[in-house]
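Read-outs: derived from the displayed coordinates by stated rules, not from any lab. Since the structure is predicted, the reported quantities are computational estimates derived from the model, not experimental observations. Here the Cβ positions follow ideal geometry from the backbone for every residue, glycine too, while neighbour counts run over all protein chains shown.
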Amino acid sequence: MDPMESQLRETYAREETENLVELSVRGGLTEVAERVLQEELAHRNVTSADITVEEQRLADVEARKIALQGQLASRTSRLVANLIDTLGTLLLITPFSFVAFVSMPEPISDLVARISIIAWFTYYFLKDGINGQSLGKRLLRIRVVDSVDGTPCNLATSIIRGVFGMLGLIDQLFALGESKQRLADHVAKTLVIKVRG
């Protein structure tokens, strides 16, 4: 057995069955890789019916991706939603902090300032985690969704988007691409789409 085939056998033996089935469906393997893969699948008692089910699943995923691409929100609506979120939180927090600064003793005004900063960052990181919509996105009727299955963004994904959103211009430059995805969207595997109705 040549070293390449031996390496393939070891690699496939370590993989989960579902990954091997997906690999088989996607195709594009060399003749040796395909043969070794089919032998490994046969060893695991994977049937042609199992492969057909995976083919259908991948076709459904692809169809959902195409449908989501047709619903992408405009860059302008995304920008306006972001401005609403940023300015809205500043308008809520700034007057409260200012009043505390001018009318309360220094330890209390410092505490209020810290609480205000924490509140702003909390909103920034979690804003898209409830039904995929921040206040600005809700007003503009757009939503952050998973790029594969179209489910609304959750809190964990919102935090990932927020962390990479801190890169500012670098993050935003990615949105100039065809899918209009910021770097944060690529990492979190999200899209921003228009909400119907």
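Tabulated data for the structure shown
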{"quantity": "Residue-count net charge about LEU58 - beta-carbon cut-off 10 Å; Lys, Arg +1, Asp, Glu -1", "calculated": "-3"}
{"quantity": "Residue of VAL145, VAL53, VAL187 that the Gaussian network model of the chain assigns the largest fluctuation, springs spanning Cα pairs under 10 Å", "calculated": "VAL53"}
{"quantity": "Dipole-positive endmost among LEU23, ASN45, LEU58 within the range 1-66 (Cβ charges, Cα centre)", "calculated": "LEU58"}
{"quantity": "Acute angle (nearest 10 degrees) that the helix 106-126 long axis makes with the longest principal axis of the chain, alpha-carbon atoms", "calculated": "30"}
{"quantity": "Charge dipole magnitude, Cβ of K and R +1, D and E -1 - the chain, Cα centre, debye nearest 20", "calculated": "1460"}
{"quantity": "Selected from LEU139, LEU72, LEU91 as most flexible by GNM, with the chain as the system and alpha-carbon contacts under 10 Å", "calculated": "LEU91"}
{"quantity": "Between 0 and 90°, nearest 10: helix 75-103 axis offset from the chain longest Cα axis", "calculated": "40"}
{"quantity": "Measure of compaction for the chain (Cα Rg per 2.2 N^0.38 Å)", "calculated": "1.47"}
{"quantity": "Debye intensity ratio I(q)/I(0), log10, the range 3-64, q values 0.13 Å⁻¹ (C-alpha model)", "calculated": "-0.34"}
{"quantity": "Simple label model, 7 Å out from Cα along Cβ direction - ALA119 to LEU29, nm", "calculated": "5.8"}
{"quantity": "Cα-based Lys pair tally, the chain, threshold under 16 Å, eight or more apart or on separate chains", "calculated": "8"}
{"quantity": "Charge sum, other residues only, whose C-beta stays under 13 Å from LEU135's C-beta, Lys/Arg counted +1 and Asp/Glu -1", "calculated": "+3"}
{"quantity": "Cut-off under 5 Å, modelled amide H: who pairs with THR190 long-range", "calculated": "SER147"}
